[in-house]
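Report on the structure given below.
Every number in this text was worked out from the coordinates using simple rules, so none of it is lab data. For clarity, every value in this text was computed on a predicted model and none was experimentally measured. Please note: Cβ atoms are built from the backbone with ideal geometry, for glycine as well, and neighbour counts cover all protein chains shown.
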Amino acid sequence: MKKEVKKLSLLAILIAISLVFSYVDSLIVLPFAIPGIKLGIANIVIIYTLYKLGIKESIIVSLLRLILSSILFGSLLTFGYSLAGAILSLTLMIILKYKTSFSMVAISILGAIMHNFGQILVAIILMDTKEIILYLPLLAITGTISGIGVGLLSVLVLKYTKGLELN
């Protein structure tokens, strides 16, 4: 019982931190005005949860963060874009973590690129235009850069929280 309460408390804290990171991410204005490009710092929490707690918990944190951040800071449209990206990204990161020997940074990069791909798919459907796919190479470059940063920060967070266990 005590371990379950600790785990539930940790999940609540992780959701809260990811929500704060989402809000901070929405406030950061990058020097180039390219729609849809964000740092993705909330993914530090998602990667941490995946590596520290597991698949089910990372899905819970990711979905609740998406729902809450869309209600608080976004719209139904942003929810749709984010949900598509999150589903593809997290699915790929789970597969890569458990089926390959890729590093956490490589998994973060590929997750960021897959998130961008999901958003492009939604844009193609909503805008009814295939030409938006031409935007994908630029998003892949920025996704790679943000994926490197998120991956490196995730490595550090896991390293410095190694002693924190649910026992």
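Please give, to one decimal in nm, the separation of the simple spin-label points placed at Val20 and Leu138, each 7 Å out from Cα toward the Cβ.
3.4
Within 10 Å of each residue's Cβ, count the other Cβ atoms and sort Ile107, Ile41, Ile95 from fewest upward.
On the way: Ile107 23, Ile41 18, Ile95 13.
So the residues, fewest neighbours to most, are Ile95, Ile41, Ile107.
Which value in nm describes the separation of the simple spin-label points at Met127 and Leu152, placed 7 Å from the Cα toward the beta carbon?
So the two model labels end up 3.1 nm from each other.
By count of other Cβ within 10 Å, fewest leading, how are Met104, Met1 ordered?
On the way: Met104 20, Met1 5.
Arranged by neighbour count, lowest to highest, Met104, Met1 become Met1, Met104.
Please state the relative contact order of region 41-167 as a whole percent: Cα pairs under 8 Å, 6+ residues apart?
Rounded, it is 27 percent for region 41-167.
Output wanted: per-residue J couplings in Hz (rounded whole) for region 43-59, from phi through Karplus 6.51 cos²θ - 1.76 cosθ + 1.60, θ = phi - 60°, x for Gly and Pro.
Values, residue by residue: 5, 4, 5, 5, 5, 4, 4, 4, 7, 8, 10, x, 5, 4, 5, 5, 5 Hz.
Across all directions of projection, what mean area in square nanometres is found for the Cα convex hull of region 111-153? Walk me through the numbers before you get to the answer.
Working: hull surface 10.7 nm².
Average of the hull's projected areas for region 111-153 equals 2.7 nm².
Compute the distance from the alpha-carbon center of region 97-167 to that of region 1-30, in whole Å.
What the calculation gives is 18 Å, centre to centre.
Over 32 Å between Cα atoms, which of Lys2/Lys38; Lys7/Lys99; Lys38/Lys99 qualify? Mind dumping the intermediate values first?
On the way: Lys2/Lys38 38 Å; Lys7/Lys99 26 Å; Lys38/Lys99 28 Å.
Checking Cα-Cα distances, Lys2/Lys38 exceed 32 Å.
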